[in-house]
1. Please work out which residue is modelled with the lowest pLDDT, limiting yourself to the stretch C:86-116 and to residues that are part of a loop (DSSP other than H, G, I, E, B) and open to solvent by 40 Å² or more (accessible area, probe 1.4 Å).
2. Restricting to the stretch A:199-208, give me the number of residues that are open to solvent by 10 Å² or more (accessible area, probe 1.4 Å) and not in a loop (DSSP other than H, G, I, E, B).
3. I need a count of the residues in the stretch A:166-181 that are open to solvent by 20 Å² or more (accessible area, probe 1.4 Å) and either at pLDDT 95 or above or closer than 22 Å to A:ALA196 by Cβ (or both).
4. Could you check, for the stretch A:155-162, whether at least one of its residues is under 19 Å from A:GLN300 (Cβ atoms), surrounded by fewer than 21 Cβ atoms within 10 Å (Cβ to Cβ), over 16 Å from the mean Cα position of the chain (by Cα) and in contact (Cβ under 8 Å) with a residue 12 or more places away in the chain?
5. If C:ARG26 satisfies every condition in (1) out of contact with any strand residue (DSSP E or B) (no Cβ under 8 Å at 6 or more places or on another chain); (2) open to solvent by less than 40 Å² (accessible area, probe 1.4 Å); (3) over 23 Å from B:ASN60 (Cβ atoms) but one, which is the exception?
6. For the stretch C:289-320, enumerate the residues that are open to solvent by less than 30 Å² (accessible area, probe 1.4 Å), more than 10 Å from chain B (Cβ to nearest Cβ) and in contact (Cβ under 8 Å) with a residue 60 or more places away in the chain.
7. Going residue by residue through the stretch B:244-266, is there one that turns out to be within 14 Å of chain A (Cβ to nearest Cβ) and in contact with a strand residue (DSSP E or B) (Cβ under 8 Å, 6 or more places away or on another chain)?
8. Outside the structural domain of B:ASP155 (by TED's automatic domain parsing), within 29 Å of A:LEU53 (Cα to Cα) and among the aromatic types (Phe, Trp, Tyr): does that describe B:PHE39?
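The values are calculated or read from the model by the stated rules, or taken from the named source; none is laboratory data. Bear in mind the structure is a predicted one, so any value in this text is a computation, not a measurement. Neighbour counts run over all protein chains shown; Cβ positions are idealised from the backbone, glycine included. Just so you know, the surface numbers come from the protein's heavy atoms only, side chains and all, with ligands and any DNA or RNA stripped out. Shrake-Rupley method; radii C 1.70, N 1.55, O 1.52, S 1.80 Å.
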Amino acid sequence: MLYKRNPQLNKSGELIHLLSIEGLPRAILTHILDTAANFVSVNDREVKKVPLLRGKSVFNLFFENSTRTRTTFEIAAKRLSADVFNLDIARSSTAKGETLLDTIDNLSAMAADLFVVRHSESGAPYLIAQHVAPHVHVVNAGDGRHSHPTQGLLDMYTIRHYKRDFANLRVAIVGDVLHSRVARSDIHALTTLGCAEVRVVGPRTLVPSDLSHMGVQVFHNLEDGIRGCDVVIMLRLQNERMSGALLPSSQEYFKSFGLTPEKLRLAQPDAIVMHPGPINRGVEIDSAVVDGPQAVILPQVTFGIAVRMAVMSIVAGNEA
Amino acid sequence: MLYKRNPQLNKSGELIHLLSIEGLPRAILTHILDTAANFVSVNDREVKKVPLLRGKSVFNLFFENSTRTRTTFEIAAKRLSADVFNLDIARSSTAKGETLLDTIDNLSAMAADLFVVRHSESGAPYLIAQHVAPHVHVVNAGDGRHSHPTQGLLDMYTIRHYKRDFANLRVAIVGDVLHSRVARSDIHALTTLGCAEVRVVGPRTLVPSDLSHMGVQVFHNLEDGIRGCDVVIMLRLQNERMSGALLPSSQEYFKSFGLTPEKLRLAQPDAIVMHPGPINRGVEIDSAVVDGPQAVILPQVTFGIAVRMAVMSIVAGNEA
Amino acid sequence: MLYKRNPQLNKSGELIHLLSIEGLPRAILTHILDTAANFVSVNDREVKKVPLLRGKSVFNLFFENSTRTRTTFEIAAKRLSADVFNLDIARSSTAKGETLLDTIDNLSAMAADLFVVRHSESGAPYLIAQHVAPHVHVVNAGDGRHSHPTQGLLDMYTIRHYKRDFANLRVAIVGDVLHSRVARSDIHALTTLGCAEVRVVGPRTLVPSDLSHMGVQVFHNLEDGIRGCDVVIMLRLQNERMSGALLPSSQEYFKSFGLTPEKLRLAQPDAIVMHPGPINRGVEIDSAVVDGPQAVILPQVTFGIAVRMAVMSIVAGNEA
């Protein structure tokens, strides 16, 4: 068979899992963003709940610890009225030598409806999605360096909210692109949504020149990279990169690639600045930018809850 | 007083705590299994909830860590609409030198309705049950080597589901019977429910010959032990046994007592294979058996949720 | 500006945060106690829930671990029908170098309604309260040596329950007053509520003589300190004090300052004995007193849930 169906879609082309933005048609992305727009208002209400997932069981399977991301999914699921179960996988049976798929089978047998999976291995959520029964859904909450699709979607929601249209946008993604699943997801999403120009910016050790095959322009100089951009997405610099051979020091890095108010002036006057958090003030971004008028970092968080509510309610409504 | 009332029953003979299967009359066991049958369908619904424990507070007190078992009780309680509180006891006040009963008194004063207790010491749930007020209930989720009554009950539910009647059954329990609270609970339950023949099978170091006082037949050879059986219950082999003097190595163990498709052919052609999980593939059981048509290991998990819902709703409905 | 408004009150003088009992007017304290009285009965019901915080998001932010206190707030919030999120802060982004206020901004952006904050640094809850948006509320669950206002309030509730009126009461607070946020909160509350006489009792190393500026009488002898008292509040002795230079040994301490039935006879015949828990039997208090008729330690716990429900429902009903 030459043609292999995207495992995220059923035969009717509806979203049943969210594993990666790569390969998702524009119509699906737009549908998620439109659905999220409805949920943004729910989060502003006195009673922040809708009964869409009432009586459903959502399992947070975090094989890699991330309290922040787990919490956003827990909030989103509870605001959809689901029952949420947080499994501290590191301390549980996988540690006792059980295989990943035996763990999944076991939890599925408890009548799980939706697995939110974070894993240090790229592809783990795919493996799980291909294994589960037709009524069970998988949402990738970050797998290795591969993908972090809900972060990519909330970034798109934020850009659309402030810039309306992707057609004429110039977007720069700045920092450790090499190790970033966020960058990967953003690039796929921006390309699919018809963004005019996507740039990646960073030192040669963190932004390989051969990334151009992804349809992006590569810059190794921050000033050139953000000049004239409408959107600047700063990536978090992992502390563990510092000790290695990839980077000299955090001060050196900040001097070359840290976003300051002065450098930001090279972008469009109404450019927005984004960051997936948590922020390293004074490492990849200056405090004055974080707290300045162009930063939309906290709205990203707000939209992130709505986007996760949208993704969970959409996949839970479709069957394989 | 020569006669001492079973602490699990009130004066009317109704179940108020589930501490051990030992000493429970057949009518109580049957009542639990019948109630569980109703809950199996609840877990298949779109909205997997019934309001039986709405506004009740269930405390998971796991003095011994077991994410899997804790999760099954959390699911069961939430599907009964209870509020569930997971206490990480190892990190809390008991670690500060507070006594077990002071901890219980304290939590009871917060208006607890039901304690689910897991403890490494045999008898801890009894101690707690004898101490709490008349409207508070205790369910044993495993105490030392002594008892794991909800596992025993879900095993009985599974056997009854596939075999209808216990009267003519031949059941083999295979493995580390000596250290297994599951084996103990299964033996008591099978005997009470009128099972024709219960066998225990394993090496001399793990299956003492004097177990015959429990009304079981002892085998030190797997082939002899499972020959003609209708049900084969495999026990998990704890890794920590391997390093000790009790066993040579996991390969040696598998050669003698691991269940392979070939050996399984000695049992009845329609024999079912059970396992409490998590499974050690290739140690106590061959992967081909786990994934084969006779294994009912995942249905055990599904029935386990329903059995725990049954136990919690029954005890919460009765007063001391 | 000479006059600085109490950050816990809005312009109309209504409670919007609970940070400290210090500076709160008597009418506010009385309003909390009166509201708690209504919730005591809720905790006795079959269905222990009221819908006052339905659809609200309560975040337990415990920068310092305390399973017991966290659980009491979780219970209180769930009985008010809120959604509760427990953040294991030690393992999350603050550990990754994010600042406290960035963490708060981030969680606020997820549409938090109420933060329950425990922190080892005195003043952390104030910092957070001054930072959050007008519709977000902060409750201090213990900050450093500074304050533990809900414990202070539940102590007042307990005293009022048993003694009706504060006007003619003689109250002794016994033990490690120096390091105790409970003692501080109790002293402020008792003074505000018009208690006739507040005494602090303990060794010179743990009860500095200059505490008299707080309007209390200082005693370095237990017999003198509790003589004629109506209420004796025993403080927990932290084990870590023992190893230091502050105290000789726990046996020596018990001999001088441990409350025994004999010593308790020096207080009023109907004196009540309180303790914030967890208890060190045989260190600061004799088992015979803990289990005796004058101890009201478990009612304190029960009232504590109601007091926390009162505080959360009151602050959530007011806007800055």
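1. Taking the stretch C:86-116 and keeping what is part of a loop (DSSP other than H, G, I, E, B), we get C:88, C:92, C:97-99, C:110-113.
Retained after the next criterion (residues that are open to solvent by 40 Å² or more (accessible area, probe 1.4 Å)): C:88, C:97, C:99.
Values: C:ASP88: 73, C:GLY97: 69, C:THR99: 86.
Filtering first and then ranking leaves C:GLY97.
2. Looking only at the stretch A:199-208, we keep the residues that are open to solvent by 10 Å² or more (accessible area, probe 1.4 Å), and these are A:199, A:203-205, A:208.
Add one more test, that the residue is not in a loop (DSSP other than H, G, I, E, B), and what stays is A:199.
Matching residues across the stretch A:199-208 total 1.
3. 3
4. yes
5. Going through (1) out of contact with any strand residue (DSSP E or B) (no Cβ under 8 Å at 6 or more places or on another chain); (2) open to solvent by less than 40 Å² (accessible area, probe 1.4 Å); (3) over 23 Å from B:ASN60 (Cβ atoms) one by one, C:ARG26 breaks only (2).
6. Selection gives C:VAL296, C:VAL307, C:ARG308, C:MET309, C:ALA310, C:VAL311, C:MET312, C:SER313, C:ILE314, C:VAL315, C:ALA316, C:ASN318.
7. So far as the stretch B:244-266 goes, no, none of its residues is within 14 Å of chain A (Cβ to nearest Cβ) and in contact with a strand residue (DSSP E or B) (Cβ under 8 Å, 6 or more places away or on another chain).
8. It is true that B:PHE39 is outside the structural domain of B:ASP155 (by TED's automatic domain parsing), within 29 Å of A:LEU53 (Cα to Cα) and among the aromatic types (Phe, Trp, Tyr).
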